[in-house]
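Novice: Got a structure for you, written out below as structure tokens; questions coming shortly.
Quick note: the coordinates plus some simple rules give every number you see, no bench work behind them. Model, not experiment: these values are computed from the prediction. Reconstructed Cβ throughout: ideal geometry from the backbone, glycine too, with neighbour counts over all protein chains shown.
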Amino acid sequence: MRAGLPAVDMHFAVKACPVPEVISALAAAGASFDVASMGEVLLCLANGATPNRMSFGNVVKSAQDIRMAYALGISLFAADAEEELSKIACNAPGASVYIRMLIGDTEAEWPLSDKSGCTPAMALHLFDKGRALGLRMRGISFHVGSQTRNPDMWIGALDQASSLWKRALSQGHQLDLLNIGGGFPARYGRPITEITPYCERLCALLSERFDPMPKLIAEPGRGLVADAGLIVAEVLLVSRKDEADEHRWVFLNIGKFSGLAETMEEAIRYSILTTKDGAPTGPCVLAGPSCDSADVLYQKNMIDLPLTLAAGDRVLIEETGAYTASYSSVGFNGFPPLKKVIV
């Protein structure tokens, strides 16, 4: 990533893998961190990160968390609403702020376009509001959407960001920070552009739209850690709903509520290995172990697995280093959170 985007300050999105050993390794490599809560702030501080290498990127923060983070030395915050700016001004006076903008639908496999962010018109209003509150209004951020497989899929988002940037400058705002968010892809068994040429193309797209180039922040999460994880699972049951069914149901001892939440709407399709690989295969519905009827991983697009697969067989779910550790923390239906083994 650094080879392709040498001018970008990489802020690892902590929510992707809030594991102490991962944070420590990235801190030692010189990474910065995008934090979303005081829990993530304290995790980073305990594992080698310093406050000047953190950005509080969540646009929904409690006044207490803002105050605590500021007291610890964090001075860069995100916002997308007037009330959030007022909270920051009261609890972190003079802090630096960037405004998150909405960019609409993109070609990302997991769009992130409607919860966080505001329209360009609102962003311009917030720049005025923040300046009046004594905040240092640094720039803008956006998120192109998770798992953006091709760098040219960024073009629409960068065009919108460039347009807002130029409008803000024309209205007297001295912006100097552009946060391009995440979206860097993992493989998940499919071909993607290698990460360095991917970033080189993204760098070229940025250079075409921003002159002079502002200070740049990126927030890679999945793209850094997805292929660092492997889940060892087990088949609990193989069944058919009727003798005439052409497909089976395969139930694993892990599901949506124990780490694989990103299979929601079948957005992320993990590669799966079994101890029976090499045998003839057939389509099956893949499901989790809980009693919740929503705990089905792949049904619209079924997955081919060995016909001889049976209860007790081991299943390896590849490239599960992103989000599974944090999504598995609840213990829903009494199934324990994933045990993490660091190699």
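Novice: Looking at A267, V238, N150, which one has the Cα that reaches farthest to the positive end of the dipole of the chain (charges on Cβ: Lys, Arg +1; Asp, Glu -1)?
Specialist: N150
Novice: May I pose another question? In what order do K115, K340 fall by count of nearby beta-carbon atoms within 10 Å, going from fewest to most?
Specialist: K115, K340
Novice: Any idea what the dipole of the chain comes to, in debye rounded to 20, about its Cα centre with Lys/Arg Cβ at +1 and Asp/Glu Cβ at -1?
Specialist: About 940 debye.
Novice: Then there's this: Dipole magnitude of segment 110-189 about its Cα centre, charges +1 at Lys/Arg Cβ and -1 at Asp/Glu Cβ only, in debye to the nearest 20?
Specialist: 180
Novice: As a check on your grasp of the helix formula, calculate [θ] at 222 nm for the chain: sum -39500 (n - 2.57) over DSSP H runs of n ≥ 4, divide by the residue count, round to the nearest 500.
Specialist: -7500 deg cm²/dmol
Novice: Cross-link candidates for K115: which lysines have Cα within less than 21 Å, leaving aside residues fewer than 8 places away along the same chain?
Specialist: Filter leaves K15, K61, K87.
Novice: Still on this structure: So, in Å, what gap is there between the alpha-carbon centers of segment 312-332 and segment 77-127?
Specialist: One Cα centre to the other: 32 Å.
Novice: Mind jotting down the distance between the C-alpha centroids of segment 219-236 and segment 133-164, whole Å?
Specialist: 26
Novice: Which order do the peptides 219-228, 285-294 come out in when sorted by mean C-beta neighbours inside 10 angstrom, highest first?
Specialist: Going by the mean number of other Cβ atoms within 10 Å, highest first, we get 219-228, 285-294.
Novice: Another question about this same structure. Output the relative contact order of the chain, whole-number percent, from Cα pairs under 8 angstrom with separation of 6+ residues.
Specialist: Value for the chain: 16 percent.
Novice: Comparing G57, G321, G73, which has the greatest mean-square fluctuation in the GNM of the chain with Cα pairs linked when under 10 Å apart?
Specialist: Among G57, G321, G73, the largest mean-square fluctuation in the Gaussian network model of the chain belongs to G73.
Novice: Calculate the FRET efficiency for T196 and E243 from the Cβ-Cβ distance with a Förster distance of 45 Å, rounded to the nearest 0.05.
Specialist: 0.25
Novice: How high is the FRET efficiency from D128 to E107, r the C-beta distance, R0 41 Å, rounded to 0.05?
Specialist: That gives a FRET efficiency of 0.80.
Novice: Can you put H143, H125 in order of Cβ neighbours within 10 angstrom, beginning with the fewest?
Specialist: Least to most surrounded, the residues fall as H125, H143.
Novice: DSSP loop GluC sites (Glu not before Pro) in segment 191-269 with at most 13 other Cβ atoms within 10 Å of their Cβ, which ones?
Specialist: Loop-located and lightly packed - E194, E243, E246.
Novice: Magnitude of the Cβ-charge dipole of segment 229-334, K/R +1 and D/E -1, about the Cα centre, nearest 20 debye?
Specialist: The calculated dipole for segment 229-334 is roughly 120 debye.
Novice: With an 8 Å Cα cut-off and a minimum separation of 6 or more residues, compute the relative contact order for segment 229-334 in percent.
Specialist: Relative contact order for segment 229-334 comes out at 39 percent.
Novice: OK, next. Hey, fewest Cβ within 10 Å first, where do K87, K300 land in order?
Specialist: Lowest count first: K300, K87.
Novice: Could you please report the charge total around Q174, scoring K, R as +1 and D, E as -1 over all other residues with beta-carbon less than 12 angstrom from its beta-carbon?
Specialist: Neighbour charge sum, excluding Q174 itself: +2.
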